[in-house]
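In what follows, a structure is listed as structure tokens, so that the remarks can point back to it.
Any read-out appearing in this document is the output of simple, stated calculations on the displayed coordinates, not a laboratory observation. Predicted model only: the values in this text are computed from it and were never measured. Backbone-built Cβ (ideal geometry, glycine too); neighbour counts: all protein chains shown.
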Amino acid sequence: MQALRKLKRGQGQVELVTMAKPRPDIGEVLVRVESAGICGTDIHILQDAYGNLQPPVTLGHEFAGVVAEVGPEVGGWREGERVVVESLASSCGRCRYCQAGETQCCPDRQAFGISADGAFADYVVVRHTALHRLPVGVSFQQAALAEPLCVAVHAVLEKCSFQPGDTVLVTGPGTIGQLVAQVARLSGAAVIMAGTARDRERLELATATGTEHVIFGDCEDLPTAVERITEGRGADAAFECAGVGAAVQGCLAAVRKGGQMVQVGLAGRSIEIDYDRICLKEITLRGSFTHNHRTWLKAVALLSDPRLKLDVLVSGEFPLQQWRAVFDRCEQSQGLKYLLNPALG
Ligand SMILES: [Zn+2]
Ligand SMILES: [Zn+2]
């Protein structure tokens with residue numbers, strides 16, 4: 001089969017190679033990949049800017065497909081079932097976090113496309129407990145967005161507790177920011193999304209999917225704009241999805257006294273912030289990192305909610321052979337979410 005692999009550490013070192021079709025072992029299932037999303041993580045891996053990587057490894061952690069073969073000692077799954085798969089390849093199962101269902105904190109967690117062979121390939125072997133049946137009417141392309149949707153669900157529904165009618169600020173209009181905004185709106189918040197002039201198309205997309213207000217952070221001072229929109233009150237909650245120092249500062253300044261802030265984006269390096277604001281404004285600041293099984297149950301149920309606009313976030317679907325051209329577009333921040341589909345090759 002064909003597989004897009006990071007062969008070793010270093011800039012580039014990603015190649016489409018031919019390798020043997022894997023076989024499912026005890027407790028495992030072979031999935032034929034029908035659609036897989038390219039994410040910022042994949043671009044960081046290409047650029048050798050991702051720490052945890054264990055090459056050689058097949059990339060791709062956001063995917064949906066069809067059960068192609070059921071391994072020994074797996075009950076409840078049949079060939080041909082349409083599935084979406086959790087991005088967690090394995091966790092230790094013994095640590096206090098695993099036992100509490102908080103696998104995102106497990107020190108031994110392995111993720112597809114990073115430390116376990118992922119889905120930019122014709123087939124991928126997964127633990128059967130990672131499978132979720134696709135609701136009727138949900139396409140493979142929509143389901144390929146389930147993983148970033150889980151990131152949003154974890155941040156909005158599991159790490160924050162705003163009320164219907166509250167105003168929520170989202171910084172960073174990438175795929176995660178768009179989904180955070182949509183889930184926040186489903187939960188009854190009014191949403192302000194902030195980006196830069198470079199993000200014009202993405203901010204227009206946010207408006208088209210229901211975001212009430214957008215702010216161009218390099219044209220208008222973010223806290224001033226939020227104050228104007230909220231009539232002096234400030235945002236009740238802020239979700240920082242850009243991973244940029246200025247956006248973190250903007251959120252701390254724009255959130256109201258006693259408000260909440262959730263850090264979703266990763267800066268990848270130290271940033272300078274006005275730490276006293278957290279104390280002086282009594283801000284509740286929480287980190288949100290990936291998701292766990294409970295998050296997936298919520299997100300898969302949401303996939304078939306017609307109020308969630310997933311199709312508009314997809315900028316195109318391409319065969320594996322065209323990966324280089326599509327990665328180039330991602331590196332240049334053209335479009336939003338691109339999908340690779342091995343069946344198109
Ligand atoms: Zn991702
Ligand atoms: Zn563990």
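Here are a few things to note about the model shown:
- Within region 89-138, trypsin sites (Lys or Arg not before Pro) in DSSP loop having at most 11 other beta-carbon neighbours inside 10 Å: Arg94
- Extension gain for the segment Thr207 to Ala301, taken as residue separation times 0.36 nm less the Cα-Cα distance, is 31.4 nm to one decimal.
- Theoretical gain in end-to-end length, Arg233 to Ala246 [0.36 nm per residue, Cα-Cα removed]: 2.6 nm
- Spin-label model, Glu15/Arg286: points 7 Å from Cα along the beta carbon direction are separated by 4.6 nm.
- Once both labels are positioned 7 Å from their Cα atoms along Cα-to-Cβ, the gap between Gln332 and Arg198 label points is 1.4 nm.
- With R₀ set to 51 Å, the beta-carbon distance separating Tyr275 from Lys309 gives a calculated FRET efficiency near 0.85.
- Across Val226, Val326, Val74, mean-square fluctuation computed from a Gaussian network of the chain (C-alpha pairs under 10 Å connected) peaks at Val74.
- Relative to the current alpha-carbon distance between Arg96 and Phe216, full extension at 0.36 nm per residue lengthens the span by 38.9 nm.
- Extending 7 Å from the Cα toward the beta-carbon at both Glu81 and Thr224 defines two label points whose distance is 5.7 nm.
- Partner lysines for Lys8 [C-alpha distance under 27 Å; skip if fewer than 8 residues away on the same chain]: Lys21, Lys337
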